[in-house]
Amino acid sequence: MKRMEELLSRFNPDTGTIDGAPTVTRRLSDLRNCFADERAYEAALQQGNPIIYTVASVEPAAGDGQLHYCIGMIMPGRVGDEYYLTKGHLHEWRPAAEFYIGLRGKGMMLLEDINSGESRMLDLVANSAVYVPGFTAHRTVNVGAVPLVYLGVYPAAAGHDYRTIAEKNFRKVIVMRNDRPVLMEREEFVRGLGLI
Ligand code: PAN
Ligand code: ZN
């Protein structure tokens, strides 16, 4: 039997931390090319380099059948009309699915099926969960006024592929229109800004 510390974890939904777990911090400068509105991104960077999100991860064991999990916390805010977001990724092991559980705040997940190219926007709020199938790029955004905190559980063998997203990004963006989040074609959004 594993040690108690490997079986039980205590997390704090207010701070987005897990006792004893390492936390990665992503600041605005780490998110180059993630926001579609490059002009607003550069302007925001001139104002400062705030923390956009943190991820505390627990990786108890590697190998087939094992699970890893993390708590993500995304700050409230926007760059232009785009809500603060995560980099987004595919799993290195493409069939690996993931289960997200909302803990606090108001968020949305952007899913993009890499085979069909189809996109979906789903609520991620307390008492709801999002199943991210395999072969699906996923990004999380905070559309509310307080930090969004969620738990993500994924196969230990999943791995993170950021490269593919960094090269061609998501086809769609979640942007604020009339104070509400809407899903838009990236190209249409960028064209509307006069950037292409
Ligand atoms: C999550 C993500 C977390 C941060 O744990 O890693 O939301 O997003 P990025 O990894 O895209 O920066 C997950 O999906 N793990 O597989
Ligand atoms: Zn993932």
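Tabulated data
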read-out	value
Relative packing of peptides 89-100, 53-64, 131-142 - highest average C-beta neighbours within 10 Å first	131-142, 89-100, 53-64
Per residue accessible area in Å² of the chain, where ligands, DNA and RNA are left out and the probe is 1.4 Å	52
Under-5 Å amide H pairs with G134, H placed in peptide plane, nonlocal only	A97
Mean-position separation - Cα centroids, segment 56-79 and segment 3-32, in angstrom	7
Mean separation of Cα contacts under 8 Å, 6 or more apart, over the residue count of segment 9-192: relative contact order %	24
Net lengthening on full extension, W93/E42 (0.36 nm per residue, minus Cα-Cα)	15.0 nm
Percent carbon-and-sulfur accessible area, the chain, ignoring ligands, DNA and RNA, probe 1.4 Å	51
Amide H contacts of K172 (H built 1.01 Å from N, under 5 Å, at least 5 apart or other chain)	R186
Cα-projected label distance for L193 with D123, points at 7 Å along beta-carbon direction, nm	2.9
Under-5 Å amide H pairs with Y150, H placed in peptide plane, nonlocal only	G72, L103
Most mobile of I165, I74, I114 in a GNM of the chain (Cα contacts under 10 Å)	I114
Integer Hz, Karplus 6.51/-1.76/1.60 couplings in order for segment 84-99, x for Gly and Pro	3, 9, 8, 3, x, 7, 9, 7, 4, 8, 3, x, 5, 8, 8, 10
Solvent exposure ordering (accessible area, 1.4 Å, most first) of D161, D113, D123, D179	D179, D123, D113, D161
Segment 155-161 - phi-based ³J(HN,Hα) in whole Hz, Karplus 6.51/-1.76/1.60, Gly and Pro as x	x, 4, 7, 4, x, 10, 9
Extension gain, T23 back to F135 (0.36 nm per residue minus Cα-Cα distance, nm)	37.7 nm
Vicinal HN-Hα couplings computed from phi for segment 133-147 (Karplus, 6.51 cos²θ - 1.76 cosθ + 1.60; Hz; Gly/Pro x)	x, x, 6, 10, 6, 9, 9, 10, 10, 9, 9, x, 9, 10, x
R186, R39, reordered so the largest accessible area comes first (probe 1.4 Å)	R39, R186
Extension gain from R180 to Q66, taking 0.36 nm per residue of separation minus the Cα-Cα distance	37.2 nm
C-alpha long axis of helix 38-47 to longest principal axis of the chain, angle in °	70
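The values are calculated or read from the model by the stated rules, or taken from the named source; none is laboratory data. Source: prediction; values computed, not measured. Here the Cβ is made from the backbone with ideal geometry for all residues, glycine too, and neighbour counts use every protein chain on show. The accessibility values were calculated without ligands, DNA or RNA, using every heavy atom of the protein model including side chains. Shrake-Rupley method; radii C 1.70, N 1.55, O 1.52, S 1.80 Å.
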